Structure formats: structure tokens, C-alpha cells
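K.L.:
This is the structure, below, for whatever I ask next.
The values are calculated or read from the model by the stated rules, or taken from the named source; none is laboratory data. The model shown is predicted, which means the values in this text are computed figures rather than measured ones. Here the Cβ is made from the backbone with ideal geometry for all residues, glycine too, and neighbour counts use every protein chain on show. Each accessible area value is taken on the protein alone, full model and side chains, heavy atoms only, with ligands, DNA and RNA left out. Shrake-Rupley method; radii C 1.70, N 1.55, O 1.52, S 1.80 Å.
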Amino acid sequence: MHKVKRIAVICNYQLKANRIGSMDRFFLAFDEACKKRGYTVDWFFPKSEKLDIYNSVSVYSDDKSNIESLFLNHIYSNKVEYDYVFTHFIELFTSFYKTVKSELNCKVFAVDHMSRPLDGFPLKKRIKRKLKYLINNKSIDKIIAVSEYIKNQNLKDYSSNLKNRTDVIYNGIQTELYQVREQGNRDNQSRYRFIVVSHLVYEKGIQDLILALTKLNKTTLENITIDVFGEGIYKSTLTDLVHKYNLEKTINFKGSVDNLYVLYKEYDYMIQPTYMEAFSLSILESLCCNVPVITTTVGGNVEIVKDGTNGYLFKAKDVNALQSIITQICNDKISLLNNSFSSKIREQYALKTMVDNYLKLV
């Protein structure tokens, strides 16, 4: 009798009602695709809300355990076995992987979404990561990097021997949800509208955007509006900066929403002044809607944003460069080589392609 494949997916990602985004849609699509093949899939999330869209999904979560303990307690208590274990947003080569491998004797696939600091990890952390690799590297059968940048960083951080154990699978989005911005319909008398979609943390560089705005002349500043979608621990600092520089009429904090796919098309550009990025889903979503992106040359950004074609690139923390780009856009001093790029994004980064690439592993 054919054995049913059992899969566990361990995600250090909280399910939240006001943050149903592209990762959630991937989880749901992967679950559905696995079930169509007759596989059994269990999902593990830390301290998560119960969401209706996950009603058909086998979800395990609690408010007490960290994600690693949650999964290990589950397999110990229920004597359950899995053929494949996937991890998302969990540090590579920790003792957790060694325990999983020894307890289950399964195939382990670790998906690496981890962006790196702008100046790299401190020496002490680099040494610790190297030691973890030397001790536990045989516990991961394959690493899935979400960009070429992440793959190359792992080869650099750990060992070039990982090359044959690493696949790059780009993130994908449910393209049919995203509405395309119409070209040439912007009223010349209206303000330029910019969107920021980001966790509100220091590393996302939104403070640099605020400082760039302080360098604009009055006419240019009055010609733009910026809506910021997202939440995070840095929000109060950012709102204080906005108040300090009297930018309340320019920057609006909108919080987290779950319908960005219908909102992107209302904007002229996305701005993402981040210091670190693995492969940004928000950039992907914006480009899918034919909304060009102004962002930094960090991480996987340069694998999707092409300067002067579907957006503009600048060096992280270069406030003057960001100010110059915004000024030139608002004064019609620069224009993109390609005003219609969404179809290419939709072809290359469809959610189905992402799901199919993951299914090839099992």
C-alpha cells in the first residue's frame, strides 16, 4: 500500500487578521496543492490568531511556546512522524534542526528569508554562525534561498560547500488579485502620490525618507503626498519626526490593511529606503500593479528593480540621493524607459510558479 506523504511546515510568522498578505496566500496555495496530491500537511505558527481563511488548514499554535518548542512538543506528545519538514523564518543550522533530523529521520528543507545588516554581522555573531554550521550542517538537506543574494550570502557566511545544497526559489504573488495602474491618466494639477509598505522598524530606513523631505523646496513638498502602510516598534519615533519637521500634511500613517492589492494602483511610485532586504514582496506587488519603485541597492532589490526602467535605485542611507530622485520626478526631469512592466512581473513571479517549485522538492 502506498504510504501517504506527511509534511510539517514550521513558520516563525504570526497569523494576523489585519496582515493577510502574499506569504499567507502562498501558505494556503501550497497546502491546497499538497492535499490535491494526497499529502497530509500540518502547519505550526507562534502565538497566532485564528483566521477564517485558515479554517481548512491543520494549524497548531499556542501562546506559551516558541515555534521550535511548539513543534518538538507536538512530535513528542503525539508520536507523529513526518517525511518532510519545511521551515520558514527560522535561523539556519541551530540545534533545533539536529533534533528534528534525529527524531524524525526526515528530509529537512530550510527556507532562508533572512536579510543581512547593511555592514554585515558583527564578528562575534559571524563566529557563532560558523560554529553552528560546523556542528549542525548535516541536519539540513536543502536550503531554499529567496534570492540569489541570499544564496551568495550563505556561501560566504557558512561555506562554499553549500552551493550544491542550495536552490533559489523566488517569492511569488497571486497576480490576479493585483489591479494595474493605468498609464497617462494622472492629473497634472494633482499631487504626486507615493506609497510606502513596510514594517516600521529602523532597518527599513523610513527616517531617511522623512529627512529627504526636509530638503525639498516648498513647491515640491506641496506637490506630494506619502501614505505609509504598516506597523512596528519604530512608529512612535517616525511620527515624532514627522511632527518635528511639520510634515503632517505630507506623510500619512495608515496602519496595516489586508487589501493593498486594490490600493497600489492609486499611486505613482512606491518608496522603500530600506537598509536590508532579502527579496521584498511589497516591491514585487507594486511592480505587478505597474507602480515603479524607488529603493536602495541592498539585498535582492537589484534582482528585480532595474534603475531607470521600472524604478530608481540609490545607495542606502543616502538621503541626498533620495531627495534628488523625488525632486526630479516631481519636476519631470527624469522618466522611465519602460512605462509598462507589470506583464513581465506577472509572468515571472506568479504564485503558481512558486508553489510548483516547492512541490518539486517532495
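K.L.:
Could you work out the helix-only [θ] at 222 nm for the chain, with each DSSP H run of four or more residues adding -39,500 (n - 2.57) and the total divided by the number of residues, to the nearest 500 deg cm²/dmol?
P.N.:
When only DSSP H runs of four or more count, the value is -10000 deg cm²/dmol.
K.L.:
If you roll a 1.4 angstrom probe over the protein chains with everything in place, what fraction of the accessible area of the range 35-96 belongs to carbon and sulfur, to the nearest %?
P.N.:
The nonpolar share, carbon plus sulfur, comes to 44 percent.
K.L.:
Moving to a separate point now. Report, ordered by chain and residue number, the aspartates and glutamates lying within cross-link reach of Lys98, taken as a straight Cα distance under 19 Å and ignoring same-chain residues fewer than 8 apart.
P.N.:
Once the sequence-local aspartates and glutamates are set aside, what remains near Lys98 is Glu68, Glu81, Asp83, Asp112, Asp141.
K.L.:
Can you compute log10 of I(q)/I(0) for the range 232-362 with the Debye formula, treating each Cα as one identical point scatterer, at q = 0.14 Å⁻¹?
P.N.:
-0.74
K.L.:
Also: For the cross-link pairs Lys204/Lys344; Lys79/Lys156; Lys204/Lys333, which exceed 31 Å when the distance is taken from alpha carbon to alpha carbon?
P.N.:
Correct reply: Lys79/Lys156.
K.L.:
Moving on. Quote the relative contact order of the chain in percent (integer), defining contacts as alpha-carbon pairs under 8 Å separated by 6+ residues.
P.N.:
Relative contact order here is 16 percent.
K.L.:
In the range 293-362, which trypsin sites (Lys or Arg not before Pro) fall in coil by DSSP and have 12 or fewer other Cβ atoms within 10 Å?
P.N.:
Sparse-neighbourhood loop trypsin sites (Lys or Arg not before Pro): Lys315, Lys333, Lys360.
K.L.:
Also, I was wondering about something else. Which entry is the computed mean projected area of the Cα convex hull in nm² for this structure: (i) 19.3; (ii) 17.0; (iii) 18.4?
P.N.:
Working out mean projected area of the Cα convex hull in nm² from the coordinates points to (i).
K.L.:
Enumerate the residues in the range 277-311 having an amide nitrogen under 15 Å from the point lying 7 Å beyond the Cα of Asp318 toward its Cβ.
P.N.:
Hits in the range 277-311 for Asp318 at 15 Å: 294-299, 302, 306-308.
K.L.:
How far, in nm, would the chain grow between Asn66 and Ser160 when pulled straight, counting 0.36 nm per residue and subtracting the alpha carbon separation?
P.N.:
Details: separation 94, 0.36 × 94 = 33.84 nm, distance 3.12 nm.
Value of the extension gain: 30.7 nm.
K.L.:
Could you state the number of Å between the C-alpha centres of the range 22-62 and the range 174-244?
P.N.:
After rounding, the separation between the Cα centres reads 33 Å.
K.L.:
Here's a follow-up. Output the pairs from Lys5/Lys142; Lys64/Lys235; Lys151/Lys317; Lys16/Lys128 with a Cα-Cα distance over 22 Å in this structure; if there are none, say none.
P.N.:
Cα-Cα > 22 Å for Lys64/Lys235; Lys151/Lys317; Lys16/Lys128; rest within.
K.L.:
Same structure, new question: Which value, to two decimals, describes the C-alpha radius of gyration of the range 12-128 once divided by 2.2 N^0.38 Å?
P.N.:
1.16
K.L.:
Moving to a separate point now. Where Lys and Arg each count +1 and Asp and Glu each count -1, what net charge lies around Tyr84 among other residues with Cβ under 15 Å from its Cβ? Before the final figure, lay out the partial values.
P.N.:
On the way: positive: Lys3, Lys5, Arg6, Lys35, Arg37, Lys101, Lys107, Lys142, Lys360; negative: Asp31, Asp42, Glu81, Asp83, Glu103, Asp141, Asp167.
Result for the neighbourhood of Tyr84: +2.
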